[in-house]
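Worksheet: one structure, shown below.
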Amino acid sequence: MHRPAFVLASALGVQLALACAGSADAQPGGAKALRLGFPVAENGFDPQAVYDAYSARVCDAIFDPLYTYDYLARPARLVPNTADGLPAIGDGGRTFTIRVRRGVHFAPHPAFGDAKRELTAEDYVFSIKRILDPAVRSYYLYIFENRLAGLGPVLAQARKAGRLDYDAPIEGLKALDRYTLQIRFTEPFYGFHHWLTTTAFAAVAREVVKAKGDAAGRVMEDPVGTGPYRLAEWRRSQRIVLEANPSYRDVRFPKPADAADADLAPLAGRRLPLAPRIEIAIVEEAQPRLLAFRRGELDYVDVPSSLAETVLDGATLKPDLARAGVRLLRQVEPSLAFTFFNMEDPVVGGYTPDKVALRRAITMANDRRAAVRILTNGQAELATQMIPPPVPGHAAALAIRDPYDPAGARALLDRFGYRDRDGDGFRELPDGRPLVLRKGMTPVAADRAASELWTRNLAAVGLRTEFVVQKWPELNKMSEAGQLMIWNLAWIANIPDADAFYSTLYSRNIGTSNDARLALREYDEAYERMRSLPEGPERQATYKRMNDLVVGYAPWILETYSYQNRLVQPWLRGVRLHPFLQAPWAYYDVNRP
């Protein structure tokens, strides 16, 4: 699971980025090169260490997890990737035994003597240990802490030392032989197999980390994997070039089984990757990305909601694009946009009734319907619960009513002593000190518009807002360090499991995914109970409990579920939107005129 990121670039910066990409005919791969634009600069290419969606997409093209999803099956269906079959799950959901496919190789690298090297079960043991290493600071440690058999003393020693001893045995994580991996938990872990599809569980070679790792053991600049592509060129924050991995195993485009995919029949049986080269330009502003697509410089583009009205009539393409052969692919993303309050902040944080009342009043003042109309051009739905619609567990029974009620917000603030004492139109704290809400904001045009709407909404109930303006990476660092009072984020899931969302308020994730820094015993207990339950009425009841706690204590404002609208050039084939495969570029076939 990753958070999308959005930052600003000047028009000159956009022109330079596209110039760096060069013309299709001037580059190796020519008309077959897949060309796309990222709206945010990458942070590196270490699958256990990346934290944003775009860096993870590059990692997904270079590295291999054990499992993936059938590219064409809907609903999502788990299939082996580098595993030789589905996991054998025993001991009531506690033990996962996985066979690794023979004959899979890492791309040649100096760490292997410039040769390729076969993937083994030990590579997955090592890669999972990197998640456990406090020096790497992976987001995904919480998946194993207090659950992986034998981890406790090893993790305690690692925290004391500042890094993990990779040679220390862990009872629940071992290679039984060269090709057999076993992972054992102390309690049932229904849904764990879905985590084995994610970027963080991709195989990294120990030799490469030893040769190229930084002081924390991260390898952000020299990725070496077993996936369909390898890194060919990288100009930080400008240009990323991937080329087909010559050591990639024999994987074929699937045969379509659904009539809706009949147009893909000519691709069936072709060896992946179909595009021998991928050229990625960092084009941070949405308007220039869309213009580059219209000029044929990008093969596809995901249309931000702020520009939807320029290319869409509701849910259909405008006639000029349709006449040009452009295709629209559209789906509700498995994502949740939310605004969080720092529960450790002296103004908006805390669990006492007056602090809860302040956060709930801010929530009641927030006009989400206006935000959908004005900010997303209707390309979103109001969030009704923590789980978005594509993720199993989303249910009408969990829906909360729209909390928008400015009159109720004013009454609640009055009741708890937040009053305007000096007559300037803005309320003070109950003790008379100034009350100023400080919210993170990027300098992107869309964020400026959102900040204007937020300011109007809050001023209508007598609350003053100031903004901390930084680029997204800096705000992200501040958020992880607990230095932001209020900020808005979005989480997008890469697995069909509600854990991907409910984990973001688990107290053990403070400093990583728990930006609200919520530390609520009742929530933690419900979350831990949920993880050990199969999907069904009992698990659904724990979802309701967690949703009720979020509404009651208001660490978040649940905002929206977004629509993904992708424009695809007529010469690009093989593209399908998948709810959990974010960048299946190996399936894309480019035949640029």
task: Find how much the distance from Q483 to A411 grows on full extension, using 0.36 nm per residue of separation minus their present alpha carbon separation; answer in nm with one decimal.
output: 22.9 nm
task: Just grab the label-to-label distance for A370 and D84, each label 7 Å out from Cα along the Cβ direction, in nm (one decimal).
output: 6.2 nm
message: Checking the table K174/K210; K116/K212; K439/K471; K174/K212; K439/K544 against a 22 Å threshold on Cα-Cα, which pairs fail?
response: K174/K212; K439/K544
- prompt: What is the spin-label model distance, in nm, from D91 to E522 if the labels are put 7 Å beyond Cα along the C-beta direction?
  reply: 3.5 nm
- prompt: Can you work out the FRET efficiency for the pair D177 and Q287, with r the C-beta to C-beta distance and R0 = 60 Å, to the nearest 0.05?
  reply: 0.60
- prompt: Which whole-angstrom value gives the distance between the alpha carbon centres of region 492-511 and region 99-151?
  reply: 22 Å
query: Share of Cα-Cα pairs in the chain beyond 34 Å, in percent?
result: 42 percent
message: Counting only helical runs of four or more DSSP H residues, what would the 222 nm mean residue ellipticity of the chain come to if each run contributes -39,500 (n - 2.57) and the total is spread over all its residues?
response: -7500 deg cm²/dmol
- prompt: Okay, which of region 394-408 sit inside 14 Å, backbone N to the point 7 Å along the Cα-Cβ direction of A460?
  reply: 403-408
- prompt: According to the Kirkwood expression over distinct Cα-Cα pairs, how big is the hydrodynamic radius of region 335-563, in Å?
  reply: 18.0 Å
task: Find how much the distance from D431 to R566 grows on full extension, using 0.36 nm per residue of separation minus their present alpha carbon separation; answer in nm with one decimal.
output: 43.5 nm
- line: Put in order of increasing Cβ neighbours within 10 Å, starting from the fewest, E333, E428 give E428, E333
query: Put a dot 7 Å past each Cα toward the Cβ at A268 and K210; how far apart are the dots in nm?
result: 4.7 nm
field: Extension reserve of the R137-R421 stretch, reckoned as 0.36 nm per residue once the Cα distance is removed
entry: 97.6 nm
query: Any idea what the relative contact order of the chain is, in percent, if you count C-alpha pairs under 8 Å spaced at least 6 apart?
result: 20 percent
- request: Normalising by the residue count of region 64-224, find the relative contact order in percent from Cα pairs under 8 Å and 6+ residues apart.
  value: 27 percent
statement: Between the alpha carbon centres of region 302-364 and region 220-249 the gap in Å comes to 32 Å
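Any read-out appearing in this document is the output of simple, stated calculations on the displayed coordinates, not a laboratory observation. Remember, it's a predicted structure, so these values are computed and weren't measured experimentally. When we count neighbours, we look across all protein chains shown, and the Cβ atoms used for this are built from the backbone with ideal geometry, even at glycine.
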